[in-house]
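Visitor: This is the structure I want to talk about, given as structure tokens.
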Amino acid sequence: MKGHRYLPLTEQDRREMLEAIGVTSIDDLFADIPEEVRFKGSLNLPPALSELELVRHMKELAGANATVNDYACFMGAGAYDHFIPTVVDAVLSRGEFYSAYTPYQPEVSQGTLQTIYEYQTLICELTSMDIAQASMYDGATALAEAALMACVVTRRPRIIMAESIHPEYLEVIRTYTQGRHLELVTVGTQGGRVDLEALERTVDKQTACVLLQTPNFFGLLEDGPKVGEVAHKAGALFVVCTDPISLGVLKPPGEYGADIVVGEGQPLGNPLSFGGPYLGFFAAREKFMRRMPGRMIAMTEDNRGQRGFVMALQTREQHIRREKATSNICTNEALCALAACVYLCAMGRQGFRQVAELCLQKAHYAAERISGLEGFELAFEGPFFKEFTVKCPLPADQVVKDLLSHRILAGVPLGRFFPEMRNHLLVCVTEKRTKEEIDHLVRRLEGLA
Amino acid sequence: MTYPRDLRYTKDHEWIKAEDSRGRIGLTNYAQDQLGDIVFVELPEVGRELERGEVFGVVESVKAVSDCYSPASGKVVEVNEKLLDEPELINKDPHGEGWMIVIELSDPAELDQLMDAEAYEKHLEEQMQ
Amino acid sequence: MKVVEPLIFEMSAPGRQAHSLPECDVPARPLDELLPAGMLRESPANLPEVSEVDLVRHFTRLSQLNHGVDTGFYPLGSCTMKYNPKVNEWVARLEGFVDLHPYMPEELVQGALKLLYDMERYLCEIGGLARVSMQPAAGAHGEATGLLIIRAYHQHRGQGHRKKIIIPDSAHGTNPASTTMCGYRTVEVKSDERGGVDLKDLERTLDDEVAGLMLTNPNTLGLFDENIHVISKMVHEAGGLLYYDGANANAVLGISRPADCGFDVVHFNLHKTFGTPHGGGGPGSGPVGVIEELVPYLPVPLVEYDGSRYYLNYDLPHSIGRMRSFYGNFNVVVKAYAYIRALGPEGLRRVSEDAVLNANYLMAKLKEYYWLPYDRICKHEFVLSGKRQKDRYGVRTMDIAKRLLDFGYHPPTVYFPLIVDEALMIEPTETESKETLDGFIDAMIQIAREAEEEPEKLHQAPHRTPVGRLDEVRASRFPNLRYRREE
């Protein structure tokens, strides 16, 4: 084999090194691998590409995709097309950040540690909670881990989930709880929101937690304070899953009794990336500090009298407590959390609120225009933030398909999640959508009816 | 070091001191030394019934964590709440102010099966080797 | 306390901004007309207000406090801190990969689906597997996925009573933690004097309750288990399955395939073996692959090709379900895909050969100065012990690690695996030159000498890092986990 740009050893180096080891060939270094489990021959993989060829090939693959920028994108449902300031990627592109490992050696990891501490603080500020950890894989796994944590804290086996939670999140909770002696109960909806009466009937002394998403999967805002009250009356924890952008205008869950607040952090400075990598944020009340899953960073002092940051409360984690750890999570989504951190700092107090208000105003403008169209109506009446469900006069799949030719991604058809909602389209309007794009969508929908 | 003669010891490095029908329980000096600076202590609720050998609490240092096993059976009648704010008491005075719980002994004879100070010291020596 | 770099909150001043947003171009209405007043936030979240230039400088300065692969040697055992090729970062930022909504109609994202499909074939070939799911977001996530697959398999065969997972005493902490998470009980099996699984002890653990065995091979001592085919036979005869923790796959690319060794479920760490960056702790990607018999249990969805188009298949009635939303850490997979394409089959084999050569070279040069508990040819990493320095000079492995920082090296993994006293686990990877290795060897030798002659220098180390040793006791006793503005 010729030389390779990622492999610095020369033939001369290899000879010298083999000699220093006291063997004669590379094969000698693999003599411990039994003959019967050795791979014979060459892997059946495409041959190596030069950098030039690689770039050409990758551009071809990328070019075989349409992007949300080629369309007016009204798709949401857990992944959102928000504006990302250029400073975010400028910071993320620094090799000192992205080529570092988990900050196990704090003396040479203060950059990572301090940014996570800042991130934790920002999440606390958004949610009005006491503490936050360094990140989970995504919103769905954060919610699943919150449910598991609630069962440990309360020593109760029953998890009650509102059916208005993102169906993929509910699936993840079902997967995560397999093999544990836990009971999952879903409570149905009434007008697109969790059925409060049914909820009240269901919550009991065996209930570890009530899981609520608000804004929920259909875009509607749930009655958080009421659900919290129902949970607390039975001694259960109240877990809220939320869209962080919505907290620019909405009352934070910490102000209406949430014990744990989680959510998908992607809207905070992370691109859509076909579904990942994203990050789950996870915040809680202080009393649950030692039950939290994953990493937490704390401020402390060094032996020179300087302020510094370290990984704290590590005895909760898998590398120390092993089978008794609060979670098995090790690698998390640190760089995505850094993106969220830079994003929130770039937006700042005013800008962040402005983003949320733009979403709110534009979504309501769009909803009003669409619901004024013959044959189209809002499926549900309740208050919403940036997403709403439209009932169409034809299958939503068809709507999306027809509007593609007009360079519009009209929304997410709900039939894929709920067969009885074939005509329902979940429409999302972020700050990136212009009035012109919204009007264009409305005109084209009108043409379908 | 020499260990207090009025205490009884377990192989897991807990001590118990007979106080009439009750037993005061803590971690030995050896245990606290092995753990290092203790940062957190978890104690049981008063009223809990403990079997001999059952986990009654957890002590944590920065990089280690250890379950504490009850040297005898009985009902928890007192816990050392001072430890919640000052876990370092276990490091400073393991056999005194660093006590963890007091139980009402269900069978005081159980204590006879534990090591006395001399036996415990010998046990430690063996463990070192 | 002296401040190395202020917190972003301490730089904030009302009215400063780093953002610019367009004006609202739709007719704006009062918020309380749009939403019930009780649902509105009373005052904006307390986010910092800083200018763009100050923001950039803050994060740039913070980055400079980090050690990364881009700044220096990073021989952190079991973490495979190899060079992260720049071209992978560049191609992963192509609009056609980044700006894709996961629910876009499949005909619009054929390139992305093709990439996932082809990547799956590559990993199948490398592992000797039938199918692979890209869904798991990290190694531990892959472990949980794999264990749930094992569980589903046993349940499906009416063997639901199998509750034990056997794990060697040298295993990563994630293994037992994942086991618990999946409702299994961990049974530890001892290592023998050569560092492999002790077959006698394994025999003891095998019974009708065994669901499987989790193994890293080469293991965390950097040693290939020479009895792997025997272990496989024993576990399978007891009715259990074999799980391959791919944390150390960097040693065996094109040399030995997990499925050929008898493993039934395998996860790979794309952020270790396939060159994607660790990001200061993530994102990673932990694809899980299985042999034919276990394909029905893989998470949904799988990517399929019908001869003309790629599509997502959700129709897997025996699937364990979903492990996360959407399809996995797609953008990480893009980088790993580019890595495999850049190396090709010969290149990948050369990766493992050089990784193993580098590790053995370091081991040969250092074993005179530090105790080597398992003295045999290693694979991609090896474990030294600082026991000699501890016993003779009172210098702990932690001191040696901290002193290495002064030489500009990231220390090896320390105090792991747990079965080696004062462990130093060294993994150089294949992307380091002989000169880099020689520099590290010199530093380690000098430190061994210092331990003997001036131990105090080691106790006080590091001396040249941005901050010194940090008070971890204080951080865990009274954790300050967030900044609070002074009233």
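Visitor: Taking segment C:333-403, which GluC sites (Glu not before Pro) meet the DSSP loop condition and have no more than 14 other C-beta atoms within 10 Å? If you can, show how the numbers build up before the last one.
Guide: Numbers: sites: C:GLU346, C:GLU353, C:GLU368, C:GLU381; in loops: C:GLU368, C:GLU381.
Of the GluC sites (Glu not before Pro), the ones in loops of segment C:333-403 whose Cβ has at most 14 other Cβ atoms within 10 Å are C:GLU368.
Visitor: With a sphere of radius 11 Å drawn around the Cβ of A:VAL187, what net charge do the other residues whose Cβ falls strictly inside it have (Lys, Arg +1; Asp, Glu -1)?
Guide: Values: positive: A:ARG193, A:ARG201; negative: A:GLU163, A:ASP195, A:GLU197, A:GLU200.
Around A:VAL187, the charge tally is -2.
Visitor: FRET efficiency for C:LEU40 and B:ARG52, Cβ-Cβ distance as r, R0 = 51 Å, nearest 0.05?
Guide: Values: r = 58 Å, r/R0 = 1.15.
Once the sixth-power term is evaluated, E becomes 0.30.
Visitor: Taking only DSSP H segments of four or more residues, each worth -39500 (n - 2.57), what value at 222 nm results for chain B once the sum is divided by all its residues, to the nearest 500 deg cm²/dmol?
Guide: The helix-only estimate for chain B comes to -5000 deg cm²/dmol at 222 nm.
Visitor: Can you put C:LEU213, A:LEU404, C:LEU76, A:LEU279 in order of Cβ neighbours within 10 angstrom, beginning with the fewest?
Guide: Working: C:LEU213 29, A:LEU404 17, C:LEU76 25, A:LEU279 33.
With the sparsest Cβ surroundings first, the list reads A:LEU404, C:LEU76, C:LEU213, A:LEU279.
Visitor: What does the C-alpha gyration tensor say about the overall shape of chain C? Classify as rounded when a/c is under 1.5, otherwise prolate if a/b is larger than b/c, or oblate. Before the final figure, lay out each step's value.
Guide: Numbers: a/c = 1.69, a/b = 1.07, b/c = 1.58.
Oblate, since a/c reaches 1.5 and b/c is not below a/b.
Visitor: Using only Cα atoms, tell me the angle between helix A:334-371 and the longest principal axis of chain A; keep it within 0 to 90° and round to the nearest 10.
Guide: So the helix axis and the longest Cα principal axis differ by about 30 degrees.
Visitor: Using the Cα centre as the reference, give the magnitude of the dipole from point charges on the C-beta atoms of chain C (Lys, Arg: +1; Asp, Glu: -1; all else neutral), rounded to the nearest 20 debye.
Guide: Details: 53 positive and 67 negative charges, 107 e Å.
Its charge dipole is roughly 520 debye.
Visitor: Now, a different point. Using r as the Cβ-Cβ distance of C:ASP208 and C:VAL3, and R0 as 41 Å, what FRET efficiency do you calculate, to the nearest 0.05? Each step should come with its number before you reach the end.
Guide: Details: r = 61 Å, r/R0 = 1.50.
With a Förster radius of 41 Å, E is 0.10.
Visitor: Could you please report the charge total around A:PHE388, scoring K, R as +1 and D, E as -1 over all other residues with beta-carbon less than 14 angstrom from its beta-carbon?
Guide: Details: positive: A:ARG193, A:LYS362, A:ARG369, A:LYS386, A:LYS391, A:ARG433; negative: A:ASP243, A:GLU368, A:GLU377, A:GLU381, A:GLU387.
So the environment of A:PHE388 carries a net charge of +1.
Visitor: Now for a different question. For chain A, find the longest principal axis of its Cα atoms and tell me its angle to the long axis of helix A:224-233, 0 to 90°, nearest 10.
Guide: Between helix and principal axis, roughly 80 degrees.
Visitor: Cβ under 13 Å from A:GLY41's Cβ, A:GLY41 left aside: what net charge do those residues give with Lys, Arg +1 and Asp, Glu -1? Don't skip to the answer; put the middle values down first.
Guide: Values: positive: A:ARG38, A:LYS40, C:ARG257, C:ARG349; negative: C:GLU125, C:ASP260, C:GLU346.
So the surrounding residues net to +1.
Visitor: Using only Cα atoms, locate the centre of segment A:189-203 and the centre of segment A:313-327, then give the distance between them in Å, rounded to an integer.
Guide: Cα centres, segment A:189-203 to segment A:313-327: 36 Å.
Visitor: Using +1 at the C-beta of Lys and Arg and -1 at the C-beta of Asp and Glu, which of A:PRO419, A:LEU409, A:GLN354 has the Cα lying farthest in the positive direction of the dipole of segment A:345-421?
Guide: With unit charges placed on the Cβ atoms, the residue in question is A:GLN354.
Visitor: Oh, and also: So what are the ³J(HN,Hα) numbers for segment A:10-20, from phi and the Karplus equation (6.51, -1.76, 1.60; θ = phi - 60°), rounded to whole Hz, Gly and Pro as x?
Guide: 8, 4, 4, 4, 4, 4, 4, 5, 4, 5, 4
Visitor: How many lysine pairs in segment A:86-343, separated by 8 or more positions in sequence or lying on different chains, have Cα atoms less than 28 Å apart?
Guide: Summing the qualifying lysine pairs gives 10.
Visitor: In deg cm²/dmol, rounded to 500, what helix-only [θ] at 222 nm does chain C give when every DSSP H run of at least 4 residues adds -39500 (n - 2.57) and the total is split over its residues? Kindly include the intermediate steps, with their values, before the conclusion.
Guide: Details: 16 runs with 178 residues, N = 487.
It lands at -11000 deg cm²/dmol.
Visitor: Here's a follow-up. Give me the distance between the Cα centres of segment A:331-373 and segment C:401-475, rounded to whole Å.
Guide: 45 Å
Visitor: Using the membrane-span-like helix rule (whole DSSP H runs, Cα extent along the own axis of at least 24 Å, mean Kyte-Doolittle hydropathy at least -0.5), which helices of chain C qualify?
Guide: On the way: long enough: C:110-127 (25 Å, 0.01); C:139-156 (25 Å, -0.13); C:330-366 (40 Å, 0.29); C:434-453 (28 Å, -0.33).
Length and hydropathy pass: C:110-127, C:139-156, C:330-366, C:434-453.
Visitor: What are the residues whose amide H is under 5 Å from the amide H of C:THR216, where those residues sit 5 or more places off or on another chain and H is modelled from the backbone?
Guide: Result for C:THR216 returns C:ASP245.
Visitor: Which of the three applies to chain B, rounded, prolate or oblate, going by the alpha-carbon gyration tensor with a ≥ b ≥ c and a/c under 1.5 meaning rounded? Working shown, then result.
Guide: Numbers: a/c = 1.67, a/b = 1.04, b/c = 1.60.
Here chain B falls in the oblate category.
Visitor: Taking the number of other C-beta atoms within 10 Å as the exposure measure, put A:LYS40, C:LYS434 in order starting with the fewest.
Guide: Values: A:LYS40 6, C:LYS434 19.
Ordered from fewest to most neighbouring Cβ atoms within 10 Å, A:LYS40, C:LYS434 come out as A:LYS40, C:LYS434.
Visitor: Tell me, what HN-Hα J-couplings in whole Hz come from the Karplus equation 6.51 cos²θ - 1.76 cosθ + 1.60 at θ = phi - 60° for each residue of segment B:109-117, using x for Gly and Pro?
Guide: Per residue, the Karplus-derived 3J(HN,Hα) values read 5, 4, 5, 5, 7, 8, 6, 8, 4 Hz.
Visitor: Still on this structure, I have one more. Take the Cα atoms of segment C:88-342, find their three principal axes, and give me the spread along each one in whole Å, biggest first.
Guide: Principal-axis extents of segment C:88-342 (Cα, largest first): 56, 37, 30 Å.
Visitor: Taking loop as defined by DSSP and a crowding limit of 13 other beta carbons within 10 Å, which chymotrypsin sites (Phe, Trp or Tyr not before Pro) in segment C:262-342 fit?
Guide: Numbers: sites: C:PHE263, C:PHE268, C:PHE274, C:TYR297, C:TYR305, C:TYR310, C:TYR311, C:TYR314, C:PHE326, C:TYR327, C:PHE330, C:TYR337, C:TYR339; in loops: C:PHE263, C:PHE274, C:TYR314, C:PHE326, C:TYR327.
Passing both the DSSP loop test and the Cβ count: C:TYR314.
Visitor: So which aspartates and glutamates can C:LYS114 reach, going by Cα to Cα under 13 Å and dropping same-chain residues fewer than 8 places off?
Guide: Within the straight-line cut-off, C:LYS114 pairs with A:GLU60, C:GLU106, C:GLU304, C:ASP306.
Visitor: For helix A:167-176, report the angle its Cα long axis makes with the longest principal axis of the Cα atoms of chain A; keep it between 0 and 90° and round to the nearest 10°.
Guide: Orientation of helix A:167-176: about 50 degrees from the principal axis.
Visitor: Can I ask one more? For segment C:40-106 and segment A:51-129, compute the distance between their C-alpha centroids and round to whole Å.
Guide: 5 Å
Visitor: Under the Karplus relation 6.51 cos²θ - 1.76 cosθ + 1.60, θ = phi - 60°, what is the ordered set of whole-Hz ³J(HN,Hα) values for segment A:63-69, x standing for Gly and Pro?
Guide: Each residue of segment A:63-69 in turn: x, 7, 10, 8, 10, 5, 6 Hz.
Each value in this text was obtained by applying a stated rule to the coordinates, not by laboratory testing. Just so you know, these numbers come straight off a predicted model, no measurement behind them. Every residue, glycine as well, gets a Cβ built from its backbone with ideal geometry; the counts of neighbours run over all protein chains shown.
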